[in-house]
Amino acid sequence: MYGRLPIVKMLLATIAMTVVLSAIMVPINWDGQQASTAAPKIDDLLNVMIVISSFVFSLVTVMLFYALWKFKAKPGDESDGEPIHGNTRLEIAWTLIPTIIVLFAGGYSWKVLDDIEDPAPNHLTVSVFSQQYAWSFAYPGKGYVWKEGEFHVPVNRQIQFKMHAQDVIHSFWVPEWRIKKDNVPGITTTALVTPDKEGTYQLVCTELCGFGHATMRATVVVESEAKWEKWVDSLKQPTPPELMESVKQDTQVNPTGLDAGGA
Amino acid sequence: MVAAIKRPGWTRGLLGAIAFGAFGFGLVVALRAISGLPIYQTEQTGYPHVIVPAILAPLGFLAGFGCFDYWLRWAIGMPTIPDDHSQHGAKSWKDYFKFNTDHKVIGVQYVVTTFIFFFLGGLMAMLIRAELAQPGTQIVDAATYNSLFSTHAVLMIFVFVIPVFAGLANYVLPLMIGAPDMAFPRLNALSFWMLPLAGILFIGSFLCPGGAFDAGWTGYAPLSTGAPLGQSFFNLGVQFAGASSIATALNFLVTIITMRAPGMTFWRMPLLVWANLSTSLLVVAATPFIAGVQFMVLFDRALHTNFFDFAAGGDVISYQHIFWFYSHPAVYIMMLPGFGIVSEVISTHARKPIFGYRLMALALIGIVVLSYSVWAHHMFVAGMFSWLRVPMMITTLLIAVPTGIKIFSWLGTLYFGKIHTYSTAMLFALAFIVTFTIGGISGVMLGMVPIDIHVSDTYFIVAHIHFVLFGGSVFTIFAGVYHWFPKMTGRMYDERLGRVHFWGTLIGTWGTFIPMHWIGMDGMPRRVADYAEQFGEWNLLISCFAFMLGAVQLVFVYNMVTSWRFGPKADGNPWRANSIEWQVSSPPPIFNFDEIPRVVGGPYEFGIPGAKHAIMAGEGAEVPAGEPSVVGTSS
C-alpha cells in the first residue's frame with residue numbers, strides 16, 4: 001500500500017555525512033595543548049564520541065531531510081498520510097541499538113577513568129589552598145615550604161594534589177592537563193596528574209567564588225626533576241601554622257582511595 | 001473607597017501587602033527591642049526587618065487579592081460566597097487582571113506573564129553578551145556581572161520555561177481531555193498569582209544593598225550563605241515559584257486521572273496529556289527538595305543554623321546533592337511538556353498518526369523514572385564520594401535511550417505522511433528535532449566522567465544547556481504558542497512574520513551557541529566577566545549572533561500583539577487536527593462544552609476513513625459508539 005524506502009541509499013548518505021563530519025572534526029585539537037598523561041586518553045575518548053555523535057547527527061539529519069523532500073504535501077493537497085501506527089521491529093531496533101552504543105560509551109569511559117586515576121607508588125604530594133581570590137601551595141615532602149600564586153612540579157612524575165578551600169568552593173583546573181577538581185571547605189579533595197610536558201601553564205578557578213572569580217589564577221611550571229629540586233629548595237617561607245595540621249594530614253596514607261567518603 | 005477595601009481586588013491586595021509587610025516589620029522591631037538587641041541588624045546575611053516583611057507582604061497581597069476568600073470563609077464557618085461563576089471567564093481585557101478561576105483565562109495570564117519575564121531575562125542576556133563581546137571590563141563590573149547572569153538564569157528557569165509550559169497546558173489540557181475546567185479552579189488561580197510575586201522578588205533583589213543575588217542560579221553554599229541580602233530574595237522567590245509549580249502539578253495529576261471524558265482511556269490520551277502527567281509526577285516529588293534546600297540556606301543566613309557552615313560541622317557538598325536532586329529532574333520538567341507539544345504539532349501537520357504511540361508514552365515514563373537517578377552527574381568534580389560517579393554515569397547515558405526513541409518516532413511520523421510546512425509551529429517543531437539532537441549529543445558527552453572532568457564549569461556547559469533549553473524547550477514553546485494561538489485568541493497570526501522569526505531564531509541559536517562548545521573545550525571557564533585574549537574573536541562573533549537572536553524576538557512580539565488585536569478571525573480547527581480542543585470554537589465557549597464529548601478512538605487517527613477521536617454534542621447519531629481504538633497496534 002505504500003512504497004519502499006531507499007534504505008541503502010539513506011544509509012550510504014548517512015555514512016558519507018558521518019565520514020565528512022568526522023574528517024573535519026577529529027583532526028582539530030579541540031581541547032588545546034596536551035601536557036599530561038591523561039590528556040591524550042581523554043582526547044581519544046572525545047574523538048571516538050565525535051565519530052559516534054557525527055553518525056547520530058547525520059542519521060537524524062538525513063532522515064529528516066529525506067522525509068521533507070519526499071513526503072512534503074503538494075500545494076492544495078488536503079488528504080492525509082498513510083495510517084501507519086508503528087513498526088514493532090523498528091521500535092525494538094531503535095531502543096536496543098542506542099542502548100548498546102551508550103553502554104559501550106559508558107564502559108570505555110569507565111576504563112579511561114580508571115587509567116587516569118591509577119595511583120603511582122612514587123607520587124609527589126602538593127597541598128593546594130584556595131581562598132577568595134588566591135591560590136597557595138605547600139610541599140609536605142620538602143620541609144612544608146609554602147608559595148603563593150605559583151607552583152612548580154617535576155615532569156613525568158605523578159603529582160597528588162590535596163586540596164583545601166578556606167572560604168567558599170573553588171575549582172582547580174589546568175586545561176592542558178585536562179584535570180579539574182573542586183576545592184571544598186571542610187573536606188580534602190584529591191586529584192592525580194602526571195604532567196609529561198615541560199612548560200608554563202595557567203591554573204584557572206572554575207567554580208564561581210565571587211566578584212574576583214574571573215581573575216583567580218596561578219602560574220604552573222612543569223620542569224625537570226633537577227630544576228624543580230633547586231626551585232623548591234630555594235623556597236624559604238614555611239606553611240602558616242594554622243594550616244600545618246591540614247598539610248600534615250595530606251601525606252598520611254589514605255587506605256580507601258580517592259575522596260573516600262567525600263572527605 | 002470602603003467598598004473597594006471590602007471587595008477582593010487590587011486595592012485590597014495592595015493594602016494587604018502593606019499591612020502584612022508593616023506587621024512583619026513591626027514584629028521584628030518589637031521583638032528585637034524587647035530582647036535588647038540593636039533594632040536593625042544590617043550584616044549582609046541578616047536584615048530580618050527586610051526578610052520577614054518580604055515573606056509576609058506577598059502573602060498579604062494574595063489574601064487581599066482574594067485568593068483565600070472562599071477557603072477562609074468556609075474554614076471559619078462564615079457563609080460561603082455563592083458560586084455564581086462571576087470569577088469565571090473573561091468578558092473584557094480587564095478580567096485578565098483579576099482573580100479568575102477559568103483555566104483558559106489562567107492559561108493566558110500564565111503565558112503573557114511568563115513572556116514578560118522571558119523578555120526581561122533576555123535583556124539581561126543582551127547585557128551579558130555586550131560585556132563579553134571584548135575581553136576586559138566594559139559596561140558592568142564583575143559583581144554586577146555575577147548578578148546579571150544569576151538573575152538571567154533564575155528568571156528564565158523559574159518564571160519562564162517551567163511556568164509557560166504550565167500555562168499552555170492549563171489552556172489546552174482540560175479541553176483536550178474533554179473536561180470543563182481543571183479539578184481545582186481556585187487552587188489553579190492561586191498557583192498563577194504566586195508566580196509574578198516570585199518574579200518580583202527575583203527582580204526586586206536588584207534594589208538590595210550589595211545588589212541582586214550573585215551566586216549563580218545554583219546558589220552553591222557557602223558562597224550563597226555568606227552572600228549579600230539579595231540572596232535571601234532568591235531563597236524566598238524560589239518558595240513562591242516552587243509552591244506555584246507543585247500546586248499546578250497536583251492539579252494536573254488530579255485533572256488527568258479523574259476528569260477525562262468518557263471513553264478516554266490512558267491509551268487514548270494525546271501525548272501532550274501524557275507529557276504533562278509525566279512532568280507533574282516529577283514536579284510533585286522533586287520540587288520540595290529545592291524548596292527545602294533554599295530554606296536551609298535562608299536559615300543558615302538569617303537564623304545561623306549550620307547546615308552548610310563547615311566551620312560548625314556543616315556539610316558543604318550536601319547542598320549540591322539536595323539541589324541537584326531537584327534540579328536535574330527540573331531539566332525534564334522543562335523538556336517533557338515540550339515533547340508533548342512537538343508530538344501534537346508534527347502529527348497534525350504531517351497528517352499521520354504518531355509512530356509508535358505507546359512506546360512514546362512509555363519513553364516519557366522511562367525518563368521520569370531514570371531522571372531521579374542521575375543527579376550526581378553534575379558533581380563529577382565536586383569532590384563527592386568517588387564511587388558514586390560510575391553508576392551515575394551509566395544511568396545518565398541510559399536516559400539517552402528513551403530520548404532517542406522520541407526523536408526517531410517523530411521522524412518515523414513524518415514518513416509516508418503529507419507534510420505541511422506552512423505553519424510556523426511546524427517549522428519550530430522540525431527545527432527542534434535537529435537542534436535538540438545536538439543538545440542531546442553534548443549531554444551524552446557530559447555524562448562521560450573523563451570528558452566531564454575537562455569541560456565541566458566551562459563554556460561547553462553553557463553551550464549544552466542553551467542547546468537543550470533554548471534549542472529544545474524554547475523552540476517547543478514557540479511551536480506551542482504558534483500552534484494554539486488561533487485557539488487561544490480566536491485569530492490567526494501572520495505566517496510571514498512567523499517565518500522571519502523562525503529563521504532568525506534558528507540561525508541566531510546555532511550561531512550563538514555552537515561556538516560556545518569550542519571555546520569551552522579550549523579553556524574558557526563559565527561565569528566570568530573577563531577572559532583570556534585568545535577567546536576574543538569567537539566571543540565577538542557569539543555576541544553578534546546573540547544580538548540578532550534578541551532582536552528577532554521583537555518580530556515575534558509585534559506579530560503576537562498585532563495579530564491578537566487585528567488578525568483575521570480563526571476557525572475552530574484551522575490546522576484540521578483531531579484532538580478535542582479543535583472541535584470547539586476558537587476561542588472555546590466559557591464552559592468549554594455544552595455536553596461532555598464521548599471519546600471513541602485514538603487522538604491521531606489521520607488517514608483512516610471514518611475514524612473519529614471524539615463525538616461532540618449533537619453529532620452522536622452519525623457514528624456508531626464503541627468503535628475499537630486502533631492506536632498502538634503495529635502494522
Filtering the range B:563-602 for residues that are part of a helix (DSSP H, G or I), over 28 Å from A:GLY81 (Cα atoms) and either acidic (Asp, Glu) or under 25 Å from the mean Cα position of the chain (by Cα) (or both) leaves a count of 2
For the range B:506-550, which residues satisfy the criterion of being surrounded by fewer than 20 Cβ atoms within 10 Å (Cβ to Cβ) and of a type in the set (S, T, N, Q)?
B:GLN534, B:SER543
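Okay, residues lined up against (1) buried (at least 24 other Cβ atoms within 10 Å of the Cβ); (2) away from chain A (no Cβ under 14 Å):
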position: B:VAL444; (1), (2): yes, no
position: B:THR458; (1), (2): yes, no
position: B:VAL462; (1), (2): no, no
position: B:PHE470; (1), (2): no, yes
position: B:ALA479; (1), (2): yes, yes
position: B:TYR482; (1), (2): yes, yes
Would you say B:ALA63 is among the small types (Gly, Ala, Ser), assigned to a helix (DSSP H, G or I) and either free of Cβ contacts under 8 Å to residues at least 60 places away in the same chain or out of contact with any helix residue (DSSP H, G or I) (no Cβ under 8 Å at 6 or more places or on another chain) (or both)?
yes
Every residue from the range B:84-120 that is crowded, with 23+ Cβ neighbours inside 10 Å and either basic (Lys, Arg) or closer than 30 Å to B:VAL462 by Cα (or both)
B:LYS104, B:TYR110, B:VAL111, B:THR114, B:PHE117
Select the helices (runs of 4 or more DSSP H) contained entirely in the range B:355-438, then report the ones holding at least 3 residues which are facing chain A (nearest Cβ under 7 Å) and in contact with a helix residue (DSSP H, G or I) (Cβ under 8 Å, 6 or more places away or on another chain).
B:389-398, B:400-414
Only one of A:LEU11, A:LEU45 that is touching a helix residue (DSSP H, G or I) at 6+ places or on another chain (Cβ under 6 Å) and assigned to a helix (DSSP H, G or I):
A:LEU45
Looking only at residues in the range A:1-38 that are hydroxyl-bearing (Ser, Thr, Tyr) and surrounded by 15 or more Cβ atoms within 10 Å (Cβ to Cβ), which one is farthest from B:PRO450 (Cα to Cα)?
A:THR14
Which residues, taken from the range A:95-116, are hydrophobic (A, V, I, L, M, F, W, C), free of Cβ contacts under 8 Å to residues at least 24 places away in the same chain and surrounded by 20 or more Cβ atoms within 10 Å (Cβ to Cβ)?
A:VAL102, A:LEU113
Can you find a residue in the range A:158-172 that is part of a strand (DSSP E or B), more than 7 Å from chain B (Cβ to nearest Cβ) and under 15 Å from B:PHE380 (Cβ atoms)?
yes
When you scan the range A:72-84, do you find a residue that is in a helix (DSSP H, G or I) and either surrounded by fewer than 17 Cβ atoms within 10 Å (Cβ to Cβ) or more than 28 Å from the chain's Cα centre (by Cα) (or both), even just one?
no
So, in the range A:181-232, how many residues would count as being over 21 Å from A:ILE42 (Cβ atoms) and more than 10 Å from chain B (Cβ to nearest Cβ)?
14
What single numbered condition from (1) under 26 Å from the mean Cα position of the chain (by Cα); (2) within 14 Å of another protein chain (Cβ to nearest Cβ) fails to hold for B:GLY523?
(1)
Which residues, counting only those in the range B:150-163, are surrounded by fewer than 24 Cβ atoms within 10 Å (Cβ to Cβ) and over 11 Å from the mean Cα position of the chain (by Cα)?
B:HIS152, B:ALA153
Can you tell which of A:SER36, A:SER79, A:SER53 is farther than 29 Å from B:PRO402 by Cα, at the interface with another protein chain (Cβ under 9 Å from one of its Cβ atoms) and of a type in the set (Ser, Thr, Tyr)?
A:SER79
Selection from the range B:485-519 of residues that are assigned to a helix (DSSP H, G or I), more than 16 Å from B:THR421 (Cα to Cα) and among the small types (Gly, Ala, Ser)
B:GLY504, B:GLY508, B:GLY511
Those residues that are of a type in the set (A, V, I, L, M, F, W, C) and at the interface with chain B (Cβ under 8 Å from one of its Cβ atoms), I need them from the range A:56-76; list them, please.
A:VAL56, A:PHE57, A:VAL60, A:MET63, A:LEU64, A:ALA67, A:LEU68, A:PHE71, A:ALA73
Picked from the range B:303-354 (must be away from every other protein chain (no Cβ under 14 Å) and free of Cβ contacts under 8 Å to residues at least 24 places away in the same chain), the residue surrounded by the most Cβ atoms within 10 Å (Cβ to Cβ) is B:THR305
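Coordinate-derived values only; no laboratory data. Please read all numbers here as calculations on a predicted model, not as lab measurements. Neighbour counts run over all protein chains shown; Cβ positions are idealised from the backbone, glycine included.
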